[in-house]
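A short write-up of the structure that comes next.
The values are calculated or read from the model by the stated rules, or taken from the named source; none is laboratory data. None of the values given here were measured: they were computed from a predicted structure. Here Cβ is always computed from backbone atoms with ideal geometry, including for glycine, and neighbour counts include all displayed protein chains. When the accessible area is computed, the model is the full protein with side chains, heavy atoms only, and any ligands, DNA or RNA have been set aside. Shrake-Rupley method; radii C 1.70, N 1.55, O 1.52, S 1.80 Å.
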Amino acid sequence: MNDSVSSDAIWQLFLSFTRSGVVEVDFLPRQIRYSAALADLIKLTPETMPHTFEQWFELYHPDDYSKSLTLRHDLFESTQTTFSLERRLCCGDAQYRWFRLDAFCARNETGEIERLIGVETDLSPQKDYERQLTSQISIAEELRKKLAATEKQRDQL
């Protein structure tokens, strides 16, 4: 067995057992591989998961398009090797959820990107908590204003 076959077999085994949302982009054939956990996180099946870099960007929320442009620039125009990016992805249930990609890219001797390997983390529970907290703070602020107005009226009597 040659090294590339054994490495690929080990990688496939790792992807099948990891609980992390792992994604790998091989830029030479322009293909994406991912862990089963990532498919579960974004509620897609192996058939509906993106298999090309371009398909992956189609999952981005339209308001996060500029983030995809920034990532593309960093990948193809810079020499940066690590990336962290928060954006919303369209999941299999047609809901957009927040994810953070933490990735490392391998570049060749001329600096061109050859491979990206990263972990996608579902940030939706944290973002939902932040929204709830912001809403509660807004409600508390409105109540504070009403109480202040009531006290002012009472003081004027």
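Residue 65 to residue 117: extension gain in nm, 0.36 nm per residue of separation minus the Cα-Cα distance?
16.6 nm
Over the range 56-95, how many percent of alpha carbon pairs lie in each 10 Å bin up to the one with the longest distance?
27, 50, 19, 3
Rank-order 142-148, 103-109 by packing density, defined as the average count of other C-beta atoms within 10 Å over each peptide's residues, highest first.
Answer by packing, highest mean first, reads 103-109, 142-148.
Step through the residues of the range 77-90 one at a time and calculate ³J(HN,Hα) from phi using the Karplus curve (6.51 cos²θ - 1.76 cosθ + 1.60, θ = phi - 60°), rounding each to whole Hz and writing x for Gly and Pro.
Using θ = phi - 60°, the values come out as 10, 10, 10, 4, 10, 10, 9, 9, 9, 9, 6, 9, 10, 6 Hz.
If amide H atoms are built 1.01 Å from N in the plane of the peptide, which residues on other chains or at least 5 residues away come under 5 Å of the amide H of residue 21?
Amide H neighbours of residue 21, under 5 Å, 5+ apart: 120.
Roughly how many percent of the accessible protein surface of the range 21-152 is carbon and sulfur, given a 1.4 Å probe and a whole-percent answer?
After summing per-atom areas, the C and S share lands at 54 percent.
Provide 73, 51 ordered by accessible surface of protein heavy atoms (probe 1.4 Å), highest first.
Final ranking, largest accessible area leading: 73, 51.
Check which residues have an amide H placed less than 5 Å from residue 43's amide H, if you skip close sequence neighbours.
92
Hey, can you grab everything whose amide H is under 5 Å from the amide H of residue 96? Only 5+ residues off in sequence or another chain; H modelled, so Pro and N-termini drop out.
Hits under the 5 Å cutoff: 91.
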